[in-house]
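K.L.:
Mind looking over this structure? Questions follow.
The values are calculated or read from the model by the stated rules, or taken from the named source; none is laboratory data. Worth saying up front: this structure is predicted, and the values here are computed from it rather than measured. A quick note on method: Cβ atoms are made from the backbone with ideal geometry, for glycine too, and the neighbour counts reach across all protein chains shown. These area figures cover heavy atoms from the full protein model, side chains too; ligands, DNA and RNA do not enter into them. Shrake-Rupley method; radii C 1.70, N 1.55, O 1.52, S 1.80 Å.
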Amino acid sequence: MPARRDHRRAIPGVDRLLARPWCRRLAESRGREWVTSRLRAVLDDVRAGRVALPASEEGYEDLLRRGIAAAETPSLQPAVNATGVILHTNLGRAPLAAEAREAMARASGYGNLEFDLETGGRGSRYVHCTELVRELTGAEAALVVNNCAGAVALALTAFASGRGVAVSHGELVEIGGGFRIPEVVEAAGARLVTVGTTNRTRLADYARAVEAGEVGAILKVHRSNFSMSGFTEDAGLDELVALGAGAGVPVIHDLGSGLLADSAELGLPKEPTPAMSVAAGADLVAFSGDKLLGGPQAGILAGTRSGVAGAKAHPLCRALRCDKVTLAGLEATLALYRDPRRAMERIPVLRMIKAPVEELEGRARAVVERVAEMRVARGEAPLAADVSRGRSVVGGGTFPDARLPTAVIEIDAGDAAERWMAALRAHDPPVIARSRKGRVILDLRTIAVEEEGAVLSALASVGGTGGGAG
């Protein structure tokens with residue numbers, strides 16, 4: 001029996017392929033060295049049998065172009081959130097208002113980030129956004145850093161490094177990603193002083209810790225990502241402020257969610273706002289820019305002049321400072337809150353939360369009908385899809401008990417559900433759905449109207465693969 005011919009002998013050399021006109025054009029447009037490296041990777045895949053041996057040298061052009069396209073695809077891509085989780089941390093939390101996106105684009109070039117236009121001298125990046133924060137919260141001063149965890153860490157480091165931080169045992173929360181309040185306190189160089197019990201912490205518990213003389217700050221943490229009920233008791237923020245003022249101990253309120261809108265108007269349970277914490281007299285209130293506020297990732301400290309000045313003066317503040325683009329997006333988002341009605345209309349997070357279920361149901365039915373029309377036009381069977389009621393969540397560690405009635409598209413995919421999910425993720429742009437018991441579910445609450453075309457395209461293309469039901 002004759003020996004089997006080694007397929008590797010049929011693979012052309014790098015120099016031979018580089019001399020081909022199509023390869024020369026690619027090298028001219030993208031750089032010879034980089035195209036050569038991509039070509040070597042293609043040839044390595046062919047030698048290893050990871051891809052089939054092309055029938056001719058022209059076949060390597062397709063392989064190279066696909067390799068270049070994959071390498072040039074940005075790792076950070078826009079996606080359609082069809083999960084029904086509004087503040088989806090894995091998908092970037094709050095989608096930005098058009099005003100914020102435009103402001104961020106304008107700020108991407110040169111600007112007066114740290115330049116005083118009036119005097120022509122050096123300015124400060126810490127003046128941007130602060131007047132708006134003061135206006136919206138009633139605070140004496142404000143400071144913007146890169147995220148809320150950073151804001152809390154900065155406050156603790158500035159006022160309690162080397163000393164104790166009094167925290168209720170029932171507020172030792174994990175804020176997501178495995179980060180926990182005890183670890184944040186430790187990273188700030190402070191010592192955790194737990195007071196009270198998991199379910200009941202009284203003012204007297206804090207007072208004993210303060211009277212011991214080793215507490216540099218009192219930290220109150222809003223339990224925004226879980227709820228506690230039953231035999232419970234908490235010391236109010238105003239009580240802690242009075243205790244701290246009498247002992248010269250600053251009170252820091254880690255509020256987290258940053259809701260600036262009226263929760264009742266959104267149909268949500270009562271939620272403390274930064275303005276409430278400021279009015280209660282907290283020295284520093286920390287909250288997020290990218291959660292319920294609806295802006296870019298940022299951490300905001302609002303409070304007394306002395307509290308903000310102490311945080312701003314600490315060297316850690318420089319390490320946590322915001323980029324110009326973030327500041328521009330945050331400023332544009334905050335400006336929308338000057339008119340509460342406009343904020344509800346323009347900020348996507350608020351608009352999604354408030355969207356009536358009847359409106360979502362109408363949109364869902366329109367999408368299903370349009371997909372059916374597209375399949376029929378191609379001579380394909382109708383999609384096994386229904387429109388039903390479901391529940392959305394706010395997400396982002398906020399309103400843990402709130403469930404928003406919504407409308408969802410349910411596709412009966414059976415055993416092919418995971419293949420459907422993978423195909424939707426592979427679409428351009430990716431459509432991120434959820435599945436349950438063989439049904440692929442797309443929630444209209446988190447799909448923007450302008451994204452419906454992408455959803456239509458994805459459902460039509462996936463349905464046409466034969467990978468699902470229908």
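K.L.:
Just wondering, is there one or more residues in the stretch 183-191 that are part of a strand (DSSP E or B), open to solvent by 10 Å² or more (accessible area, probe 1.4 Å) and touching a strand residue (DSSP E or B) at 6+ places or on another chain (Cβ under 7 Å)?
P.N.:
The initial filter retains those residues of the stretch 183-191 that are part of a strand (DSSP E or B), namely 191.
From the residues that got through so far, the ones that are open to solvent by 10 Å² or more (accessible area, probe 1.4 Å) too are 191.
With touching a strand residue (DSSP E or B) at 6+ places or on another chain (Cβ under 7 Å) added as a condition, the list becomes 191.
Yes; the residues of the stretch 183-191 include at least one that is part of a strand (DSSP E or B), open to solvent by 10 Å² or more (accessible area, probe 1.4 Å) and touching a strand residue (DSSP E or B) at 6+ places or on another chain (Cβ under 7 Å).
K.L.:
If I filter the stretch 371-419 down to residues being assigned to a helix (DSSP H, G or I) and open to solvent by less than 40 Å² (accessible area, probe 1.4 Å), which single residue comes out as nearest to E174 (Cα to Cα)?
P.N.:
A417
K.L.:
Which one is farthest from F399 (Cα to Cα) among residues in the stretch 215-228 that are out of contact with any Pro (no Cβ under 9 Å at 6 or more places or on another chain) and at pLDDT 85 or above? Walk me through how you get there before you give the answer.
P.N.:
Filtering the stretch 215-228 down to residues out of contact with any Pro (no Cβ under 9 Å at 6 or more places or on another chain) leaves 215, 219-221, 228.
In the following step, the residues that additionally are at pLDDT 85 or above were identified as 215, 219-221.
Working: V215: 31, L219: 21, K220: 18, V221: 15 Å.
Among those that are out of contact with any Pro (no Cβ under 9 Å at 6 or more places or on another chain) and at pLDDT 85 or above, it is V215.
K.L.:
On to the next question. So T326 passes all but one of these: (1) outside any helix (DSSP H, G or I); (2) within 23 Å of the chain's Cα centre (by Cα). Which condition number does it fail?
P.N.:
Only one criterion is unmet by T326, namely (1).
K.L.:
Can you find even one residue in the stretch 85-99 that is in contact with a His (Cβ under 7 Å, 6 or more places away or on another chain), in contact (Cβ under 8 Å) with a residue 40 or more places away in the chain, part of a strand (DSSP E or B) and not aromatic (F, W, Y)? Break it down into steps so the answer makes sense when it comes.
P.N.:
Quick first cut of the stretch 85-99, residues in contact with a His (Cβ under 7 Å, 6 or more places away or on another chain) only: none.
No, because not a single residue in the stretch 85-99 is in contact with a His (Cβ under 7 Å, 6 or more places away or on another chain), in contact (Cβ under 8 Å) with a residue 40 or more places away in the chain, part of a strand (DSSP E or B) and not aromatic (F, W, Y).
K.L.:
Let me ask something else. Report, ordered by the first and then the second residue, all pairs with beta carbons closer than 7 Å, sequence separation of six or more or different chains, a first member in the stretch 238-262 that is hydroxyl-bearing (S, T, Y), and a second member that is open to solvent by less than 10 Å² (accessible area, probe 1.4 Å).
P.N.:
Once the first residue is hydroxyl-bearing (S, T, Y) and sits in the stretch 238-262, its partners that are open to solvent by less than 10 Å² (accessible area, probe 1.4 Å) give S257/F287; S257/S288; S257/L292; S257/T398.
K.L.:
Looking at (1) of a type outside the set (K, R); (2) in contact (Cβ under 8 Å) with a residue 24 or more places away in the chain; (3) outside any helix (DSSP H, G or I); (4) open to solvent by less than 20 Å² (accessible area, probe 1.4 Å), find the lone condition where S277 falls short.
P.N.:
(3)
K.L.:
Are any residues in the stretch 165-180 surrounded by fewer than 22 Cβ atoms within 10 Å (Cβ to Cβ), more than 18 Å from L320 (Cα to Cα) and either touching a Pro at 6+ places or on another chain (Cβ under 9 Å) or of a type outside the set (D, E, K, R) (or both), and if so, which ones?
P.N.:
At the first step, the residues of the stretch 165-180 found to be surrounded by fewer than 22 Cβ atoms within 10 Å (Cβ to Cβ) are 169-180.
Remaining after also requiring more than 18 Å from L320 (Cα to Cα): 169-178, 180.
Scanning the stretch 165-180 gives H169, G170, L172, V173, I175, G176, G177, G178.
K.L.:
Still on this structure, please answer the following. Among the numbered conditions (1) of a type in the set (A, V, I, L, M); (2) touching a Ser or Thr at 6+ places or on another chain (Cβ under 9 Å); (3) crowded, with 18+ Cβ neighbours inside 10 Å, tell me where V357 comes up short.
P.N.:
Going through (1) of a type in the set (A, V, I, L, M); (2) touching a Ser or Thr at 6+ places or on another chain (Cβ under 9 Å); (3) crowded, with 18+ Cβ neighbours inside 10 Å one by one, V357 breaks only (3).
K.L.:
Pick from the stretch 335-360 the residues that are free of Cβ contacts under 8 Å to residues at least 60 places away in the same chain and in a helix (DSSP H, G or I): which of them is farthest from the chain's Cα centre (by Cα)? Let's see the steps before the verdict.
P.N.:
Within the stretch 335-360, the subset free of Cβ contacts under 8 Å to residues at least 60 places away in the same chain is 339, 341-342, 345, 351, 356-359.
If we keep only those that are in a helix (DSSP H, G or I) as well, we get 341-342, 345, 351, 357-359.
Details: R341: 24, R342: 23, E345: 20, R351: 17, V357: 24, E358: 27, E359: 26 Å.
So the residue we want is E358.
K.L.:
Residue check: is T157 touching a strand residue (DSSP E or B) at 6+ places or on another chain (Cβ under 6 Å) and open to solvent by less than 30 Å² (accessible area, probe 1.4 Å)? Show your work before the answer.
P.N.:
Numbers: touching a strand residue (DSSP E or B) at 6+ places or on another chain (Cβ under 6 Å): no; open to solvent by less than 30 Å² (accessible area, probe 1.4 Å): yes.
Answer is no for this residue.
K.L.:
Among the residues of the stretch 43-99 satisfying the criterion of being out of contact with any helix residue (DSSP H, G or I) (no Cβ under 9 Å at 6 or more places or on another chain) and within 14 Å of I11 (Cβ to Cβ), which is surrounded by the most Cβ atoms within 10 Å (Cβ to Cβ)?
P.N.:
Taking the candidates together, the pick is G59.
K.L.:
Also: T197 fails exactly one of the following numbered conditions: (1) in contact with a Gly (Cβ under 9 Å, 6 or more places away or on another chain); (2) modelled with pLDDT of 90 or more. What is the number of that condition?
P.N.:
Among (1) in contact with a Gly (Cβ under 9 Å, 6 or more places away or on another chain); (2) modelled with pLDDT of 90 or more, T197 violates only (2).
K.L.:
Looking only at the stretch 174-205, count every residue that is under 20 Å from the mean Cα position of the chain (by Cα) and of a type in the set (D, E) and tell me the total.
P.N.:
1
K.L.:
Return the total of residues in the stretch 229-240 being modelled with pLDDT under 90 and touching a Phe, Trp or Tyr at 6+ places or on another chain (Cβ under 7 Å). First the steps, then the outcome.
P.N.:
Taking the stretch 229-240 first, the residues modelled with pLDDT under 90 are 229-235.
Subsequent filtering for residues that are touching a Phe, Trp or Tyr at 6+ places or on another chain (Cβ under 7 Å) retains 235.
Result for the stretch 229-240: 1.
K.L.:
Give me the residue from the stretch 206-256 that is part of a loop (DSSP other than H, G, I, E, B) and more than 18 Å from G170 (Cβ to Cβ) and, out of that set, most open to solvent (accessible area, probe 1.4 Å).
P.N.:
It comes out as E214.
K.L.:
Out of (1) out of contact with any Gly (no Cβ under 6 Å at 6 or more places or on another chain); (2) at pLDDT below 95; (3) open to solvent by less than 50 Å² (accessible area, probe 1.4 Å), what's the single condition that is false for V455?
P.N.:
Against the list (1) out of contact with any Gly (no Cβ under 6 Å at 6 or more places or on another chain); (2) at pLDDT below 95; (3) open to solvent by less than 50 Å² (accessible area, probe 1.4 Å), V455 comes up short only on (2).
K.L.:
Taking the stated definitions as given, is E174 more than 24 Å from V278 (Cβ to Cβ) and either among the β-branched types (V, I, T) or modelled with pLDDT under 90 (or both)? I'd like the intermediate steps shown before the answer.
P.N.:
Working: more than 24 Å from V278 (Cβ to Cβ): yes; either among the β-branched types (V, I, T) or modelled with pLDDT under 90 (or both): yes.
Spelling it out, E174 is indeed more than 24 Å from V278 (Cβ to Cβ) and either among the β-branched types (V, I, T) or modelled with pLDDT under 90 (or both).
K.L.:
Looking at (1) assigned to a loop (DSSP other than H, G, I, E, B); (2) over 39 Å from the mean Cα position of the chain (by Cα), which is the only condition L43 fails?
P.N.:
Against the list (1) assigned to a loop (DSSP other than H, G, I, E, B); (2) over 39 Å from the mean Cα position of the chain (by Cα), L43 comes up short only on (1).
K.L.:
Can I ask one more? So which residues in the stretch 126-154 are of a type outside the set (F, W, Y), surrounded by 17 or more Cβ atoms within 10 Å (Cβ to Cβ), assigned to a helix (DSSP H, G or I) and in contact (Cβ under 8 Å) with a residue 60 or more places away in the chain, if there are any at all? Working first, answer last.
P.N.:
Here is the first cut: in the stretch 126-154, the ones of a type outside the set (F, W, Y) are 127-154.
Filter once more, so that each one left must be surrounded by 17 or more Cβ atoms within 10 Å (Cβ to Cβ): 128-130, 132-133, 136-137, 139, 141-154.
The next check asks that each one be assigned to a helix (DSSP H, G or I); those that pass are 130, 132-133, 136-137, 148-154.
Those that are of a type outside the set (F, W, Y), surrounded by 17 or more Cβ atoms within 10 Å (Cβ to Cβ), assigned to a helix (DSSP H, G or I) and in contact (Cβ under 8 Å) with a residue 60 or more places away in the chain: L132, V133, L136, T137, C148, A149, G150, A151, V152, A153, L154.
K.L.:
Can you name the residue in the stretch 280-309 that is outside any loop (DSSP other than H, G, I, E, B) and not aliphatic (A, V, I, L, M) and is also surrounded by the most Cβ atoms within 10 Å (Cβ to Cβ) among such residues?
P.N.:
Taking the stretch 280-309 as the starting set, the residues that turn out to be outside any loop (DSSP other than H, G, I, E, B) are 280, 284-288, 299-303, 305-309.
From what is left, the residues that are not aliphatic (A, V, I, L, M) are 287-288, 299, 303, 305-307.
Working: F287: 31, S288: 28, G299: 26, G303: 29, R305: 10, S306: 13, G307: 25.
Top of the filtered list is F287.
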